[in-house]
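**Q** Sending over a structure as structure tokens; questions will come in a sec.
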Amino acid sequence: MNLDDLYRRVIMDHYKNPRNRGSFEDDALKIELNNPTCGDRITLQLKVEDGVVQDARFSGEGCSISMSSASMMTEAVKGQTIAHALEMADSFSSLMKGEEADFGDYEDIEALSGVNKFPARIKCATLAWNALRKGIDTKEAQQ
Amino acid sequence: MISSIIREQFPILNQEINGHPLVYLDSAATSQKPRQVIDAVKSYYEWDNANVHRGVHTLGSRATDAYEGAREKLKNFINARSTKEIIFTRGTTTALNIVASSYGPSVLREGDEIVITQMEHHSNFIPWQQLAKKTGATLKFLPLQKDGTITLEDAEKTITAQTKIVAIAYVSNVMGVTHPVKELAAIAHRHGAVIVVDGAQSTPHMKVDMQELDCDFYALSGHKMLAPTGIGALYGKKALLEAMEPVEFGGEMIDDVGLYESTWKELPWKFEGGTPIIAGAVGLGAAIDFLQEVGMDHIHRHEMQLAAYAEQRLSEISDLTIYGPRNRQVGVVTFNLGDVHPHDVATVLDAEGVAVRAGHHCCQPLMRWLEVSSTARASFYLYNTEQDVDLLVQALIKAKEYFSYELG
């Protein structure tokens with residue numbers, strides 16, 4: 001078991017210097033999701049216009065894996081179409097199964113591939129992506 | 001001190017995890033099982049297995065004797081007056097839910113009070129929260145001191161003539177606090193209330209005596225006291241249990257069934273609908289034998305020594321915060337390491353073979369009170385040694401170095 005597979009420098013950088021942390025003041029789409037088994041919480045806010053994720057912010061509390069994953073996710077989906085954001089969510093699921101996954105220009109996410117070797121931690125990494133899916137479902141149900 | 005002879009009785013402890021000898025410090029979640037318990041369950045299935053309370057055949061009698069024999073052992077172990085007061089359940093959660101769903105609505109009217117603490121495990125919290133919502137009763141909380149203890153002065157003020165139920169853990173699964181249950185029972189009784197005690201964390205680790213505590217209901221789990229999962233018990237005073245309606249209807253619990261009316265078996269079987277967890281009860285009986293051979297006082301002393309040693313060694317690590325009172329009476333130590341998240345701590349410890357719990361420990365209201373999202377917890381049992389504490393400390397120092405390097 002090599003801890004460095006799990007805690008890569010890029011992950012710890014996102015944990016200590018999270019991107020897009022905070023909230024929008026206006027009434028952006030808001031999703032709250034918990035990991036009831038371990039107590040991690042995320043609040044994700046999305047600004048979706050014309051089928052594109054224009055902006056994303058998150059707040060919450062959790063371990064380095066869940067919070068760094070949220071930071072990376074918000075970076076990755078900003079400016080992407082809903083369809084592409086969902087494709088990325090699928091790619092992330094593949095990554096957690098130990099399969100090859102492509103995130104285009106946003107390579108930071110691949111640093112989380114090591115989580116696959118730590119089964120107890122996969123649910124930490126997927127929390128933010130599950131919030132994204134829930135948000136897109138909510139948005140589509142509204143339309 | 002506990003000798004290596006006891007430790008050798010637990011086959012699971014003799015293995016390596018991630019290249020290191022296993023250091024199991026999560027007994028508050030579930031205990032490991034000695035050979036004697038594993039063999040009793042195996043032998044039951046290999047020789048005695050049959051359904052209970054019905055067979056005319058030999059195996060049926062043997063299974064019934066084994067099942068009822070375990071009840072007798074548990075009755076003696078917790079010093080109940082009669083086996084009628086011992087109801088086998090799936091565990092503490094089921095036992096507490098029986099009281100909340102059967103006894104609760106029969107005594108609570110709008111405006112009555114249920115008194116609990118913010119420190120309860122979810123299993124001794126949500127049943128009362130939901131019961132209060134359903135009956136219009138008020139849920140009240142005994143104030144907690146900074147170290148998680150309660151005072152009897154506060155209890156005198158909080159428990160009133162409107163209070164019908166007081167529910168509290170004997171020992172907290174997070175804070176390592178032992179509550180003055182006997183004194184609380186006296187206060188509750190003076191106001192005409194009953195006291196329900198969550199004994200999940202006390203029964204495995206210290207001598208408990210129903211007649212001395214004078215509690216009205218007491219719930220326990222087998223799997224935390226060397227027995228298999230899926231078996232536990234509700235103790236209740238006979239007069240209270242007799243007046244209560246069953247929660248589950250079906251086979252095993254009936255006396256006479258008509259088309260429109262039925263009657264129930266006498267205690268304790270009235271509350272044991274369906275084929276019970278016979279092998280689990282057999283395992284629980286074997287676990288009680290094991291615990292009594294070692295001696296509950298001996299076990300309690302051993303764990304207090306380990307907890308004191310752990311407190312001393314852990315306080316040598318700078319940035320480490322220990323929650324709960326000093327000089328704890330039980331072998332549970334909850335802590336955080338600087339601002340490293342407990343999941344990350346637990347993952348690094350696991351890489352060193354050390355198993356601890358990380359998370360909210362089924363105590364979200366308590367976590368909010370502590371103003372933390374989660375904590376790490378090391379819990380000890382009779383098979384743990386000072387060497388286990390040393391290995392924990394060594395692994396924590398590694399975790400600290402690892403994350404300061406990563407963050408550097």
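**Q** Return the total of residues in region B:167-185 being assigned to a strand (DSSP E or B) and surrounded by fewer than 24 Cβ atoms within 10 Å (Cβ to Cβ).
**A** So the count comes out to 1.
**Q** Right, another one. Does any residue of region B:203-210 turn out to be crowded, with 17+ Cβ neighbours inside 10 Å and under 29 Å from B:Thr160 (Cβ atoms)?
**A** Among the residues of region B:203-210, at least one is crowded, with 17+ Cβ neighbours inside 10 Å and under 29 Å from B:Thr160 (Cβ atoms), which makes the answer yes.
**Q** Looking only at region A:1-28, which residues are assigned to a loop (DSSP other than H, G, I, E, B), more than 14 Å from chain B (Cβ to nearest Cβ) and touching a residue at least 12 places away in the same chain (Cβ under 8 Å)?
**A** Start the filter on region A:1-28 by keeping residues that are assigned to a loop (DSSP other than H, G, I, E, B), which leaves A:1-2, A:7-8, A:17-20, A:22-28.
Still in the list and also more than 14 Å from chain B (Cβ to nearest Cβ): A:19-20, A:22-28.
Scanning region A:1-28 gives A:Arg19, A:Asn20, A:Gly22, A:Ser23, A:Phe24, A:Ala28.
**Q** I would also like to ask the following. Provide a single number: the residues in region B:103-151 that are surrounded by fewer than 19 Cβ atoms within 10 Å (Cβ to Cβ) and touching a Phe, Trp or Tyr at 6+ places or on another chain (Cβ under 9 Å).
**A** Counting residues in region B:103-151 that are surrounded by fewer than 19 Cβ atoms within 10 Å (Cβ to Cβ) and touching a Phe, Trp or Tyr at 6+ places or on another chain (Cβ under 9 Å) gives 3.
**Q** Does A:Asp40 count as within 19 Å of A:Lys123 (Cβ to Cβ) and either within 14 Å of chain B (Cβ to nearest Cβ) or surrounded by 14 or more Cβ atoms within 10 Å (Cβ to Cβ) (or both)?
**A** So A:Asp40 passes the test.
**Q** So, one more: Tell me, which residue of region B:336-351 that is assigned to a helix (DSSP H, G or I) and touching a residue at least 60 places away in the same chain (Cβ under 8 Å) is nearest to B:Gln305 (Cα to Cα)?
**A** B:Asp350
**Q** Related question: With region B:40-151 as the region, which helices (runs of 4 or more DSSP H) entirely inside it contain at least 3 residues that are out of contact with any Gly (no Cβ under 9 Å at 6 or more places or on another chain) and at pLDDT 95 or above?
**A** B:58-77, B:104-107, B:126-135
**Q** Restricted to region B:283-335, and to residues that are part of a helix (DSSP H, G or I) and touching an Asp or Glu at 6+ places or on another chain (Cβ under 8 Å), which residue is surrounded by the most Cβ atoms within 10 Å (Cβ to Cβ)?
**A** Per the stated criteria, the residue is B:Ala286.
**Q** Continuing with the same structure: Taking the residues in region B:352-369 that are in contact with a helix residue (DSSP H, G or I) (Cβ under 6 Å, 6 or more places away or on another chain) and free of Cβ contacts under 8 Å to residues at least 24 places away in the same chain as candidates, determine which candidate is farthest from the other protein chains (Cβ to nearest Cβ).
**A** B:Ala358
**Q** Within region B:130-154, can you find the residues that are of a type outside the set (D, E, K, R) and farther than 28 Å from B:Phe335 by Cα?
**A** If we filter region B:130-154 for residues that are of a type outside the set (D, E, K, R), which is where we start, we get B:130-132, B:135-139, B:141-145, B:148-152.
Of everything in region B:130-154, those that are of a type outside the set (D, E, K, R) and farther than 28 Å from B:Phe335 by Cα turn out to be B:Gln130, B:Leu131, B:Ala132, B:Thr135, B:Gly136, B:Ala137, B:Thr138, B:Leu139.
**Q** Pull up region B:218-261, narrow it to residues that are among the small types (Gly, Ala, Ser) and free of Cβ contacts under 8 Å to residues at least 12 places away in the same chain, then point me to the one that is surrounded by the fewest Cβ atoms within 10 Å (Cβ to Cβ).
**A** The qualifying residue surrounded by the fewest Cβ atoms within 10 Å (Cβ to Cβ) is B:Gly258.
**Q** Name the residues in region A:56-104 that are within 14 Å of another protein chain (Cβ to nearest Cβ) and surrounded by fewer than 20 Cβ atoms within 10 Å (Cβ to Cβ), would you?
**A** A:Ser59, A:Glu61, listed by residue number.
**Q** Could you list, in sequence order, all residues of region B:24-39 that are among the charged types (D, E, K, R) and assigned to a helix (DSSP H, G or I)?
**A** Within region B:24-39, B:Arg35, B:Asp39 qualify.
**Q** Still on this model: Return only the number of the condition from (1) within 12 Å of chain A (Cβ to nearest Cβ); (2) touching a Lys or Arg at 6+ places or on another chain (Cβ under 9 Å); (3) over 19 Å from B:Leu25 (Cα atoms) that B:Thr347 does not satisfy.
**A** Just one mismatch for B:Thr347, condition (3).
Per-residue answers, yes or no, for (1) at negative phi; (2) free of Cβ contacts under 8 Å to residues at least 40 places away in the same chain; (3) small (Gly, Ala, Ser):
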{"position": "A:Cys38", "(1), (2), (3)": "yes, no, no"}
{"position": "A:Glu49", "(1), (2), (3)": "yes, yes, no"}
{"position": "A:Gly60", "(1), (2), (3)": "no, yes, yes"}
{"position": "A:Ser64", "(1), (2), (3)": "yes, no, yes"}
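**Q** Further question: In this structure, is A:Asn34 surrounded by fewer than 21 Cβ atoms within 10 Å (Cβ to Cβ), touching a residue at least 12 places away in the same chain (Cβ under 8 Å) and either more than 14 Å from every other protein chain (Cβ to nearest Cβ) or over 15 Å from B:Thr347 (Cβ atoms) (or both)?
**A** In short, no.
The values are calculated or read from the model by the stated rules, or taken from the named source; none is laboratory data. Predicted, not measured: the structure shown is a model, and the values here were computed from it. Cβ: placed from backbone, ideal geometry, glycine included. Neighbour counts: every protein chain shown.
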